[in-house]
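Everything below concerns the one structure shown next.
Here, each number is a calculation from the coordinates, and none is a lab measurement. All values reported here derive from a predicted model rather than from experimental measurement. Here the Cβ positions follow ideal geometry from the backbone for every residue, glycine too, while neighbour counts run over all protein chains shown.
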Amino acid sequence: MSGRRWRTLTGERWERRAAAAVDVSTMFSEEVRRAHASCGSESAAFLGFVARNLECLERAPFRVLDQKTAFIHYPLDSWPLFVGPAALGQMERASVGLSRLVQLVPRRIFDADERRLAEFYRLSEREALLATGLLQSGGDEMGLLSRGDFIFSAAGFQCLEFNFVSNLGGWQSVRWADAYLGMPLIARFLEEERIAASCRNTLRTLFVHVVERTLRRGGREVNLAFLLDKNDPGSALLREYAGKELHAVLEEMDRTPGQLVVATYDDLVERGGRLWCDGTRIDVVVEGRAGGISSAVFRCLMTGSIQVFNGPLAGILTTKRNLAALSEHQDSPRFSEEERTLIRQHVPWTRTVDRRSTLYAGETLPLPDLLLRERERFVLKEENSAGGKDVHLGRLTDPESWRSLVEKALTGGTWIVQEYVESLPFVNQRGERGSAIHDVVWGLFAFGDRYGGCFLRTLPRDAAGIVNAAQGARGCVAFEVGKGMS
């Protein structure tokens with residue numbers, strides 16, 4: 001139903017709402033409006049829509065986002081963001097570029113040397129030998145599946161961490177988008193502003209990447225084993241949904257034959273140098289759950305008869321100390337000028353926690369002294385932490401507790417410190433009625449050299465916590481937008 005027809009049917013109500021509407025400049029600060037404009041003019045326009053349609057401040061019109069479904073596991077925020085071409089270009093460059101650089105850290109900085117890898121990543125002799133063999137045979141582009149967590153700050157997109165595990169949360173955002181687009185207020189905004197909004201299908205993009213790499217290697221068929229825990233209640237859903245997505249990709253690629261099987265490592269057997277699952281020859285393994293690789297899969301990987309995403313290297317690539325290595329070597333001739341610029345622009349100052357002296361803001365001093373003196377500037381993180389655990393913001397920690405954390409980090413040897421990055425102030429609806437400034441973490445996917453979409457996690461700034469679903473953050477969608485909607 002068009003906006004003009006809606007006004008005709010509800011003229012009296014329209015007049016009441018127009019009289020109650022306020023100027024966006026009085027409802028939202030200039031700083032907030034600039035933050036939304038940084039995403040795109042459409043996000044700024046949505047603030048004006050809210051000011052003209054005050055029912056947007058109520059949760060009631062968005063109540064469907066509270067309902068748990070197969071794809072919505074926790075409540076979503078009421079208002080999506082709308083990302084224009086300029087911000088989208090930054091997101092693609094940061095996610096794809098840094099994903100590639102993190103994959104290069106073991107070779108560019110440590111020369112894929114067994115001893116140096118063992119020391120930096122704290123690997124056993126066997127683990128270091130395995131990593132060296134895989135790195136030396138993997139070429140300069142491994143094409144792994146990844147998701148970086150970024151803050152959109154005044155300095156642009158800043159990377160907090162990079163994850164190279166295949167069970168990356170957030171791929172469901174394309175289904176979240178369906179829920180947003182089905183809400184009358186969102187639909188009316190898009191119609192009035194003549195905006196075409198879309199959400200990238202992350203899972204389908206993943207399959208495009210996997211199929212293309214398989215075909216480039218000379219494969220004529222793509223039988224993909226998606227590895228899940230048998231006890232995972234989502235296995236049946238993923239089998240149905242992912243199977244349809246893979247089928248759609250194969251149809252688009254000259255009707256390439258293939259199928260998806262959902263399995264565990266125990267279901268895969270080696271026969272004649274090939275990998276099989278219940279009579280189906282497997283060409284690609286995608287690890288839907290983190291864990292060790294089976295001997296059968298490893299043998300087939302080493303002979304080249306299968307591809308594995310992400311395989312044995314995922315563990316060393318996911319550790320947060322890779323960002324510390326990039327930050328510390330941002331001026332190294334081991335990287336090109338373009339790569340050095342990428343690091344400077346998108347990796348905040350990061351170091352492994354030890355007792356060495358380090359350079360910060362033009363001053364060289366022992367790292368422990370720096371952390372104690374400039375507590376509010378830093379965040380301490382256990383390098384393999386997940387779900388927001390073992391992440392401590394100096395600005396939210398009292399000096400004595402911070403001193404204890406620094407000592408713990410120095411003793412444990414598994415911690416990094418990162419300069420605190422503040423999110424631009426994005427506003428969203430809050431409570432039964434109202435709005436508040438939210439901090440936003442952008443989960444940006446990269447599959448090889450292909451950008452795979454994003455999802456958002458948001459937390460009211462006055463909640464003063466870690467922006468993570470396990471810590472109470474909500475999900476949200478960032479729509480890619482274009483003009484010319486008919």
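Observations, loosely collected:
- Dipole magnitude for the chain: computed about the Cα centre from +1 point charges on Lys and Arg Cβ and -1 point charges on Asp and Glu Cβ, it is near 680 debye.
- Counted charge near residue 78, where neighbours are those whose Cβ lies closer than 15 Å (Asp, Glu -1; Lys, Arg +1): +2
- Normalised alpha carbon radius of gyration of the stretch 349-419 [divisor 2.2 N^0.38 Å]: 1.00
- Taking every DSSP bridge with both residues inside the chain, close to 75 percent are antiparallel.
- Rg and Dmax of the stretch 61-118, Cα atoms only, in Å: 20.2, 59
- This model, with +1 at the C-beta of Lys and Arg and -1 at the C-beta of Asp and Glu, gives the stretch 19-103 a dipole about its Cα centre of some 280 debye.
- Kirkwood Rh in Å, taken over the stretch 324-458 so that all alpha-carbon pairs contribute: 17.1 Å
- Charge-dipole axis of the chain as Lys and Arg at +1 and Asp and Glu at -1 on Cβ define it, positive-most pick from 259, 120, 378: 259
- A Förster distance of 51 Å, applied to the separation of the beta-carbon atoms of residue 115 and residue 37, puts the FRET efficiency at 0.50.
- The Cα center of the stretch 106-160 and the Cα center of the stretch 194-224 differ in position by 24 Å.
- Under 30 Å between alpha carbons - lysine pairs in the chain that sit 8 or more apart or on different chains: 12
- Across the options 156, 103, 134, the greatest Cα extent toward the positive end of the charge dipole of the chain (unit charges at beta carbon of Lys, Arg, Asp, Glu) belongs to 156.
- Distance between modelled label sites at residue 244 and residue 124, nm, 7 Å Cα→Cβ extension: 4.4 nm
- Unit Cα scatterers, Debye sum, the stretch 72-207: log10 I(q)/I(0) for q = 0.13, 0.17 Å⁻¹: -0.74, -1.06
- Kyte-Doolittle at least -1.0, axis length at least 15 Å by Cα - qualifying DSSP helices, the chain: 41-52, 85-108, 125-137, 202-216, 235-252, 399-412
- Cα lying deepest toward the dipole's positive end in the chain, options 196, 296, 364, charges on Cβ: 196
- Here the 3J(HN,Hα) profile of the stretch 441-454, calculated from phi with Karplus coefficients 6.51, -1.76 and 1.60 at θ = phi - 60°, is 9, 9, x, 10, 8, 9, 10, x, 9, 10, 6, x, x, 8 Hz, Gly and Pro shown as x.
- Other-chain or far-sequence residues with amide H under 5 Å of residue 424's (modelled H): 152, 153, 154
- Checking every one of the GluC sites (Glu not before Pro) in the stretch 115-222 against DSSP loop status and a limit of 12 other Cβ atoms within 10 Å picks out 141.
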